[in-house]
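A short worksheet on the structure shown next.
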Amino acid sequence: AQSVTQLDSHVSVSEGTPVLLRCNYSSSYSPSLFWYVQHPNKGLQLLLKYTSAATLVKGINGFEAEFKKSETSFHLTKPSAHMSDAAEYFCVVSAPNFGNEKLTFGTGTRLTIIP
Amino acid sequence: KAGVTQTPRYLIKTRGQQVTLSCSPISGHRSVSWYQQTPGQGLQFLFEYFSETQRNKGNFPGRFSGRQFSNSRSEMNVSTLELGDSALYLCASRLGQGESDTQYFGPGTRLTVL
């Protein structure tokens, strides 16, 4: 079984300050982990993914995430927030069984950027 | 490459009707998955198709069904619509070759049931 918990439903930061969106996961196997972003009335866009290579993963638009097995965490960070970062962010875990994969989504974190 | 496309983008139906949604995956992708997104339940997995076969299924009633064609295009059907079926339905495609395949999402179809 697998699950993912996004610790904050809503995060507000000022433009130009760092962003931290927290995610903890649970998986019986070595997971693949993803962060997706969803802008209003849009589909989901992949920000970055972890697949057991480097534990620090760099994504698009300046985002990165660090896989910490000991803490079962996969937090998303960005050094300096931009107004265009305002969106909903989803942490996602994938079961590692080939042919039987499905994604389990967190409940989402809404990021608000204060001008 | 063109991304995942979904049609129609918006639909309004009444209770008891049925609806069919369509998804065209990225060229070369053989796997198509469907998700339902609602404010109350979040994003939930419906089913996945790979090479015209349903490979995985979420926990939804039999009113929700799908199929995949030989060109990998997929359709999802919901019969006897209920008010609670109002949601954004997202389709995602991936190559289907490995466990760490990235899923690419379409813009969704917003279904409103009156």
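Over all Cα atoms in the range A:16-115, the spread is summed up by Rg and Dmax: 13.5, 46 Å. Measuring between their Cα centroids, the range B:31-91 and the range A:1-74 lie 25 Å from each other. Sequence gap at least 6, Cα distance under 8 Å: using those rules, report the relative contact order of chain A to the nearest whole percent. Worked out over chain A, it gives 37 percent.
Full extension of the segment from A:ASP8 to A:HIS82, taken as 0.36 nm per residue of separation minus the current Cα-Cα distance, would add 24.7 nm.
By the rule of a C-alpha distance below 27 Å, with chain neighbours fewer than 8 residues away ignored, the lysines paired with B:LYS13 are A:LYS42, B:LYS57.
Rg/Rh, computed from the Cα trace of chain B with Rh as the Kirkwood radius, has the value 0.95. Could you go through the range B:14-23 in sequence order and give the Karplus-derived ³J(HN,Hα) for each residue, using 6.51 cos²θ - 1.76 cosθ + 1.60 with θ = phi - 60°, rounded to whole Hz, and x for Gly and Pro? Computed from phi, the couplings for the range B:14-23 are 10, 3, x, 6, 10, 9, 10, 10, 10, 9 Hz. Just so you know, the Rg over Rh for the protein assembly as shown is 0.97, from Cα atoms, with Rh as the Kirkwood radius. Of the beta bridges in chain A, as assigned by DSSP with both residues counted there, near 90 percent are antiparallel. Using θ = phi - 60° in the Karplus curve 6.51 cos²θ - 1.76 cosθ + 1.60, the 3J(HN,Hα) couplings for the range A:20-31 round to 9, 10, 9, 9, 10, 10, 9, 7, 6, 10, 5, x Hz; x is entered for Gly and Pro.
We did not get these values from a lab; they are worked out from the coordinates using the rules stated. Only a predicted model underlies this, so the values are computations on that prediction, with no experimental measurement involved.
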